[in-house]
Amino acid sequence: MAWFTRQKSDKEKIEDNDRKVRTEGLWFKCDSCRQIIWKKALEESLHVCPKCGFHFRIDALTRLNMLFDGAWAKHDERLVSTDPLSFVDSKTYLDRLAGMQKSTSLKDAVISGSGHLNGRAVNICALELKFIGGSVGAVVGEVITRAIERSIEQRRPLIIVSASGGMRMQEGAVSLMQMAKVSAALMNMDEAAVPFISVLADPTTGGTTASFAMLGDLNIAEPGAQIGFAGPRVIEQTIRQKLPEGFQRAEFLLKTGMLDAIVKRAELKRFISKSLDFFCGSS
Ligand SMILES: [Zn+2]
């Protein structure tokens, strides 16, 4: 038993804090294999576990930077929801929006961009899961519709990367209308023969799956992505049956013919580029 201890001087305390700041956050535990990974190695491998291949969720901005060659332009970044239902749950929808806008530096759950992918001019939209679960309300619906119309006008292929819990409850029927609106715009795109590639990242569920995410000329998913409409618990309770192993995972959907391909993140850009060569001829 120690009878006395030496109190640290203020200078020593500051040095300790410095040391903590410098080492904290350098290592990361993989959710899947529980191994410790060096954070820098994880960033270099595009946020895929170098030990087990688990694909971590990434934000919309990282996704767009990953797919575009160098610089790209943003569109419609100032559209905001007007809260058409004056919705209140545990807090008002307007407060929730303000909080999300502050924490994500986005006005809503999507980023729409134009640029080049392996030298070919393309438009890409990516949904932001951190913004109210990547949910689709009037703003996301409008931004995506504008991206579709822009793609038709410019005859540029469109890629939408979904990571979304579905339609936004706080906008009720207004959000459900976005499914029809975006789907109708995609039909025009189909008639104009401009390609649309849908990339389904983890998770893509609800009305997002039930509309544009499954309407691509190619529907491709990342390994292990959860893709579905209703949640598994709701389905089990409704049909009173146990669901099969791996239900609602990308691999299960590929086997049952709901997806065209599962592509690892490191190969995604090359895969999209080759598919577009096939659709449009080499750029
Ligand atoms: Zn791992």
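Ala225 meets the conditions (1) touching a Leu at 6+ places or on another chain (Cβ under 8 Å); (2) among the aliphatic types (A, V, I, L, M); (3) under 22 Å from Arg146 (Cβ atoms) in every case but one. The failed one is (3).
Where in the range 22-127 are there strands (runs of 3 or more DSSP E), lying fully within it, with 3 or more residues that are within 16 Å of the ligand (Cβ to nearest atom)?
Details: elements: 27-29, 36-38, 73-75, 110-117, 120-127.
Correct list: 27-29, 36-38.
Selection of the range 80-97 for residues being surrounded by fewer than 17 Cβ atoms within 10 Å (Cβ to Cβ), more than 17 Å from Gly133 (Cβ to Cβ) and not β-branched (Val, Ile, Thr) yields Pro84, Leu85, Ser86, Leu94.
Pairing each residue of the range 35-59 that is on the phi > 0 side of the Ramachandran plot with any residue that is within 13 Å of the ligand (Cβ to nearest atom) and open to solvent by 30 Å² or more (accessible area, probe 1.4 Å), provided the two are 6+ apart or on different chains, yields C-beta distances under 7 Å for Gly53/Pro223.
For Ser114, the requirement of being touching a residue at least 12 places away in the same chain (Cβ under 8 Å), small (Gly, Ala, Ser) and touching a strand residue (DSSP E or B) at 6+ places or on another chain (Cβ under 8 Å) is met. With respect to being touching a Ser or Thr at 6+ places or on another chain (Cβ under 8 Å) and of a type in the set (Val, Ile, Thr), Thr204 fits the description.
Among the helices (runs of 4 or more DSSP H) confined to the range 187-283, the ones with at least 2 residues that are over 27 Å from Gly133 (Cα atoms) and open to solvent by 40 Å² or more (accessible area, probe 1.4 Å) are located at 265-280.
Test Gly133 against the stated conditions and say whether it is open to solvent by 10 Å² or more (accessible area, probe 1.4 Å), out of contact with any Pro (no Cβ under 7 Å at 6 or more places or on another chain), under 22 Å from Met179 (Cβ atoms) and outside any loop (DSSP other than H, G, I, E, B). Yes; evaluated as a whole, the condition is true for this residue.
The values are calculated or read from the model by the stated rules, or taken from the named source; none is laboratory data. A quick note: this is a predicted structure, and the numbers were derived from the prediction, not measured. We place every Cβ from the backbone using ideal geometry, glycine too, and count neighbours over all the protein chains shown. For accessibility, only protein heavy atoms count, side chains too; no ligands or nucleic acids. Shrake-Rupley method; radii C 1.70, N 1.55, O 1.52, S 1.80 Å.
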